[in-house]
Amino acid sequence: MQVSHRIVLHFPRAVTGEPIIYRLAKDYGLMFNILKASVSPQEEGLMVLELSGRDTDFQHGAAYLKERGIRLQPLVQDIRKNDDRCVDCGACVGVCPTEALTLERPTMRLLFDPDKCVVCGECVPCCPVNAMELQF
Ligand code: SF4
Ligand code: SF4
């Protein structure tokens with residue numbers, strides 16, 4: 001059975017220099033379409049991609065990723081900042097890996113840049129008022 005999954009990969013620092021995606025294609029026969037990426041050598045990275053292929057190949061490829069310490073997360077469709085809830089506390093700024101969330105100076109209001117967001121969902125649990133909302 002052919003499958004297609006949109007997923008977020010969280011790369012630990014140790015593997016960001018490895019040809020992980022190349023291996024998925026070559027060794028597991030998976031096709032990939034990278035939607036967004038924030039990966040630098042020797043830093044933790046994130047990649048949002050669509051992986052397609054046979055279901056068994058996908059399962060083996062996913063097992064390979066987990067073996068390499070890479071965390072897989074199903075891709076949420078979108079993330080939204082609820083302006084009515086946000087109290088500009090800044091708690092989410094430090095966890096955002098792509099600087100999509102920043103505090104504007106001197107107003108100290110939270111700015112959300114959707115173009116920088118890789119929809120990793122890391123900001124959701126750290127918000128005390130549930131202002132960052134996942135849209136599945
Ligand atoms: S989901 Fe949140 S933490 Fe992740 S990139 Fe987007 S704004 Fe940043
Ligand atoms: S953690 Fe929540 S309330 Fe605080 S700045 Fe971020 S979105 Fe706003």
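The values are calculated or read from the model by the stated rules, or taken from the named source; none is laboratory data. None of these values were measured; they are calculated from a predicted model. When we count neighbours, we look across all protein chains shown, and the Cβ atoms used for this are built from the backbone with ideal geometry, even at glycine. Please note that ligands, DNA and RNA were not included when accessible areas were found on the heavy atoms of the full protein model with its side chains. Shrake-Rupley method; radii C 1.70, N 1.55, O 1.52, S 1.80 Å.
Out of Gly94, Gly90, I need the residue that is more than 9 Å from ligand 1 (Cβ to nearest atom) and in contact with a strand residue (DSSP E or B) (Cβ under 6 Å, 6 or more places away or on another chain). Which one?
Gly90
If we scan region 4-13, do we find a residue that is over 18 Å from the mean Cα position of the chain (by Cα) and either in a loop (DSSP other than H, G, I, E, B) or away from ligand 1 (no atom under 14 Å from the Cβ) (or both)?
Within region 4-13 (the criterion being over 18 Å from the mean Cα position of the chain (by Cα) and either in a loop (DSSP other than H, G, I, E, B) or away from ligand 1 (no atom under 14 Å from the Cβ) (or both)), the answer is no, since none of the residues qualifies.
Report whether or not Leu46 is open to solvent by less than 50 Å² (accessible area, probe 1.4 Å) and either touching a helix residue (DSSP H, G or I) at 6+ places or on another chain (Cβ under 7 Å) or within 13 Å of ligand 2 (Cβ to nearest atom) (or both).
Answer is no for this residue.
How many residues are touching a residue at least 12 places away in the same chain (Cβ under 8 Å) and either open to solvent by 20 Å² or more (accessible area, probe 1.4 Å) or more than 8 Å from ligand 2 (Cβ to nearest atom) (or both) if we restrict to region 91-114?
Here the count works out to 14.
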